[in-house]
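Note sheet for the following structure.
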Amino acid sequence: MEQPAQGSEAAEGPGQRSGEQPPEEQGPGQQRPGPAWQRRTRGEHRWPEAVIVALAIGLQLALPDRMAPGQRYLLSALEVLLLAGLVVANPFRLDRDSMLLRAGGLSLTGLIGLSNGWSAVLLVQALILGRPISPTDLLTAGGAVWLTNVIAFALLYWELDRGGPAARAAALRDYPDFMFAQMQSPELADPEWEPTFVDYLYLSFTNSTAFSPTDVLPLSRWAKMIMMVQSGVALVVVLLVVARAVNVLS
């Protein structure tokens, strides 16, 4: 008896037509990389943060004398020195996870927050006690304190989320402290997207205007507490400044 030919039929898999090539399996090197915020990247640029910090220092110097800290020129000089040191030490990509750079960045954020908090207390005190203040000084002080508050908290979120910009670039921590929209819907975002300083500035601005989270959700307890403090400060400043402005204009 003749044995059935097994040549081409034996090589064909089940459900595969004659002459068709089997589908190639995707090797590890061909797999699409995960989102950039979950893996090691080059790090974000220094200049957006440096420009905004310089703006905050300028706003502090533009405050009326009665609304400025007693040592504002000393505080501003320290802020300029810290900013210059950070730019010289790491001028381009924020990818160096250094304890010295980390301490410098947190110190700069702390000084800006301290100076602005001092000015906020002086402003609130003047408004509550009914001290005479011109409309120009009122609007200048209120606007400068509110905007610097946005910048200070943006720096704080940026410095603390997942250990700071250098730690995020090295993907040292898996779990984020803030959930951005691109993280919730990665299929709608560029795979190379990762949060940078501009994203934290947007987070701080919306929290100061809406007095609550918008499209960025705080996940860790410290993030929730800091956002609550920022909303409270912004609400008090806005309410008091608007109330006094209405009184002055009427």
Next on the checklist: Tell me the angle of helix 197-210 to the major Cα principal axis of the chain, expressed in degrees between 0 and 90 and rounded to the nearest ten.
Outcome noted: 60
Checklist entry - Picking from 60, 182, 125, which is most flexible by a Gaussian network model of the chain using Cα springs under 10 Å? => result 125
Item to check | Sparse-neighbour loop sites [trypsin sites (Lys or Arg not before Pro); the range 54-135; at most 16 other C-beta within 10 Å; DSSP] | outcome: 96
Checklist entry - Say R0 is 51 Å: what FRET efficiency, to the nearest 0.05, do residue 190 and residue 65 get from their beta-carbon distance? => result 0.60
Checklist entry - Using the count of nearby Cβ atoms within 10 Å as a rough guide to exposure, how do 192, 44 rank from fewest to most? => result 192, 44
Checklist entry - Which angle between 0 and 90 degrees, to the nearest 10, do you get for helix 47-61 versus the longest principal axis of the chain when only C-alpha atoms count? => result 10
Checklist entry - Rounded to the nearest 0.05, what FRET efficiency is calculated for residue 206 and residue 88 with R0 set to 45 Å and r the Cβ-Cβ distance? => result 0.85
Checklist outcome for this item: Most fluctuating of 230, 38, 184 in the GNM of the chain (C-alpha, under 10 Å) is 184
Checklist entry - How many percent of all Cα-Cα pairs in the range 85-208 sit more than 22 Å apart? => result 47
Checklist entry - Given 110, 126, 152, which one lies farthest toward the positive end of the charge dipole of the chain, if we put +1 on the Cβ of every Lys and Arg and -1 on the Cβ of every Asp and Glu? => result 126
Checklist entry - Quick one: 226, 151, 128, fewest Cβ neighbours within 10 Å first, how do they rank? => result 128, 226, 151
Checklist entry - So how far apart, in nm, are the two label points at residue 73 and residue 215 if each is 7 Å from Cα heading toward Cβ? => result 4.5
Checklist outcome for this item: Under 14 Å by backbone N from the virtual spin label 7 Å along Cα-to-Cβ at residue 40, the residues of the range 151-172 are 167-172
Item to check | Computed label-point distance, nm, for sites residue 198 and residue 239 using a 7 Å Cα→Cβ extension | outcome: 3.5
Item to check | the chain, dipole about Cα centre (Lys/Arg Cβ +1, Asp/Glu Cβ -1), debye to the nearest 20 | outcome: 1580
Item to check | Protection proxy ranking, peptides 152-163, 214-225, 103-114, average beta carbon neighbours within 10 Å, highest first | outcome: 152-163, 103-114, 214-225
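Since every read-out is calculated from the coordinates, none of them should be taken as a lab result. Everything quoted here is computed from the prediction, not taken from an experiment. Ideal geometry is used to build each Cβ from the backbone, glycine not excepted, and the neighbour counts take in all protein chains shown.
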